[in-house]
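The values are calculated or read from the model by the stated rules, or taken from the named source; none is laboratory data. Small disclaimer: the values here were computed from a predicted structure and weren't measured. Glycine also receives a Cβ, built like all others from the backbone with ideal geometry; neighbour counts cover every protein chain displayed.
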């Protein structure tokens, strides 16, 4: 699953509400603020619930539900967004160090369908959320 952060600490789960309303759950180190499991910042709701954790009780760290923020694609008027990593996480554990853009759900899925089609097949097979 990946290496843990270097701190000696128990992680804390937090909730992220996606622009499409889906829940994702992160697991972060309270000591250093890094993701506890390197290369796997988010877990799907189903995986966490199988651990016996009620996702609805977790603190919401980020809420991407549609608001006034528009997609980065010129001319797109869709509201709400997902963070698009220019360096996909499945290719590098350092994806968060690369540039990111706010894309609406439609354009985020379209970009990955056209540019990284193998990633979508891996994500669907694993049951992990697209991030």
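A compact table of results
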item	result
Filtered residues of segment 84-100 (kept if out of contact with any helix residue (DSSP H, G or I) (no Cβ under 9 Å at 6 or more places or on another chain) and closer than 21 Å to residue 21 by Cα)	100
Any hit, segment 59-79, residues being at pLDDT 75 or above and farther than 23 Å from residue 108 by Cα	yes
Filtered residue count, segment 19-54, keeping only those that are surrounded by fewer than 18 Cβ atoms within 10 Å (Cβ to Cβ) and either modelled with pLDDT of 80 or more or assigned to a loop (DSSP other than H, G, I, E, B) (or both)	18
Candidate set from segment 93-108 (those that are in contact with a strand residue (DSSP E or B) (Cβ under 9 Å, 6 or more places away or on another chain) and surrounded by fewer than 17 Cβ atoms within 10 Å (Cβ to Cβ)); member that is modelled with the lowest pLDDT	96
Matching residues, segment 101-113, being in a helix (DSSP H, G or I) and within 13 Å of residue 18 (Cβ to Cβ)	105, 108, 109
